[in-house]
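The values are calculated or read from the model by the stated rules, or taken from the named source; none is laboratory data. The structure displayed is predicted, hence computed values, not measured ones. A quick note on method: Cβ atoms are made from the backbone with ideal geometry, for glycine too, and the neighbour counts reach across all protein chains shown.
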Amino acid sequence: MRKNTPPPAPSAAEHKAAIQRENRRVTSYDVALVAGVSQSAVSRCFKPGASVSKSTYARVMKAAAGLDYIPNAAARSLITRRSNIVALIISNLVIHYYPEALAELSQQLARRGKRVLLFTTQHESDVEQILTDVWQYQVDGVIAAAALSEPQVQEFERRQVPLVVFNRNMHERAVNSVLCDQYESGRLMASRLAAAGHRRFGIITGPEDSPIANERRRGAADRIAELGLPAPVIVTGRFDYASGARGAREIVTRLGHAPDAILCGNDVMAIGCLETARHELGIDVPGRMSVTGFDAVEAGTWLSYNLTTLRQPIQKMALAAADLLVNLIESGTAETEKRSFPPTFIEGATARLAPLPADSLAA
């Protein structure tokens, strides 16, 4: 008796011509037919991290290329009940002055098979206005590099949308977060300067609605008070060059002379402060007055500035945030986790520094 043998698989060109005659889209079934594999095998080949043999993968990719096949993300989401889209909420100030944070978060999520849907706010207090849009896209999870209120966090829980707060310390409740400790960073900067003999301080802080700016200012001011030094002169900036320049003028005017040091809430303000002190006010930096920043942006390393500053481990933080969110999406765990990273002190040329004794940072 002769065995029944299946007909040979059509070539990609033949099957593509038939699809065009039928005036329809190429599907995973068509790829499976040409490649001689199952539909589930085709699905695994287009799913990051799925188990598939090299030979099957090669056959599927060859068939897909011949058919001009593109996986339908919407159809896949109906099957898996996941969109593979992650919302990233971030303020315009963060994008403008710390673009590496956005780039790193996007890259780390893409490596885990997630696509980023970006939502930006002009001010950190504007988050409520965009959350309605976030819910409409039915994202798998959210990374929020912006301040969230208690009711907003509760809404994430009610909707069962995994949330990771990036570089914001929410003291009032337990929430999944990845951050550099901004309060301790402020303390560290004040300690290093005080150890070198600085006694009179000025602080140019960031916007009032910025948790990062507030934590850095509070850490520095608390440490200065603990050391029994005069209260610093504090002025508000906007994380930009102009407010750094304005802050330098205001602090010197209010004191009647240059302070020993001005701590700036970020490097861009520090550059504005530095150039105004040197070229407009005629202050020798660092001989007469030290100027420090935060964040270690690329411009701060230029020879004209060479800022004394603190660097946040953005790459490590982005890696941790992506891992944490994807784990929450995959496991659905209700436990909260907080991952905190220390900053790195950058000894530039804009501050008088002395070696720091090991016990001088003790709280």
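Figures for the structure shown
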{"item": "Hits in the range 117-138 (condition: part of a strand (DSSP E or B) and either surrounded by fewer than 16 Cβ atoms within 10 Å (Cβ to Cβ) or among the small types (Gly, Ala, Ser) (or both))", "result": "Leu118"}
{"item": "Answer from Ala270, Ala258 - the residue that is touching a strand residue (DSSP E or B) at 6+ places or on another chain (Cβ under 6 Å) and surrounded by 15 or more Cβ atoms within 10 Å (Cβ to Cβ)", "result": "Ala270"}
{"item": "Residues of the range 347-363 classified as modelled with pLDDT of 90 or more and farther than 22 Å from Arg218 by Cβ, total", "result": "6"}
{"item": "Residue match in the range 175-183 (condition: closer than 18 Å to Thr350 by Cα, β-branched (Val, Ile, Thr) and either outside any helix (DSSP H, G or I) or over 27 Å from the mean Cα position of the chain (by Cα) (or both))", "result": "no"}
{"item": "Criterion (outside any helix (DSSP H, G or I), modelled with pLDDT of 95 or more and assigned by TED's automatic domain parsing to the domain that holds Val291) met by exactly one of Ile224, Ile204, Ile251", "result": "Ile204"}
{"item": "Every residue from the range 254-273 that is assigned to a helix (DSSP H, G or I), in contact with a helix residue (DSSP H, G or I) (Cβ under 7 Å, 6 or more places away or on another chain) and not aliphatic (A, V, I, L, M)", "result": "Asp267, Gly272, Cys273"}
{"item": "Residue in the range 277-291 that is in the same structural domain as Ala221 (by TED's automatic domain parsing), under 22 Å from the mean Cα position of the chain (by Cα) and either within 20 Å of Val233 (Cα to Cα) or surrounded by 14 or more Cβ atoms within 10 Å (Cβ to Cβ) (or both) present", "result": "no"}
{"item": "Output for the range 227-248, where each listed residue is in a loop (DSSP other than H, G, I, E, B) and either in contact (Cβ under 8 Å) with a residue 60 or more places away in the chain or under 17 Å from Thr205 (Cα atoms) (or both)", "result": "Ala231, Pro232, Gly237, Arg238, Phe239, Asp240"}
{"item": "Qualifying residue in the range 140-158 (condition: touching a Lys or Arg at 6+ places or on another chain (Cβ under 6 Å) and either of a type in the set (Lys, Arg) or assigned to a helix (DSSP H, G or I) (or both))", "result": "no"}
{"item": "Qualifying residue in the range 189-201 (condition: in contact with a Leu (Cβ under 8 Å, 6 or more places away or on another chain) and part of a strand (DSSP E or B))", "result": "yes"}
{"item": "The one condition in (1) surrounded by 18 or more Cβ atoms within 10 Å (Cβ to Cβ); (2) at negative phi; (3) hydrophobic (A, V, I, L, M, F, W, C) that Phe239 fails to fulfil", "result": "(2)"}
{"item": "Residue in the range 210-217 that is in contact (Cβ under 8 Å) with a residue 24 or more places away in the chain and not in a helix (DSSP H, G or I) present", "result": "yes"}
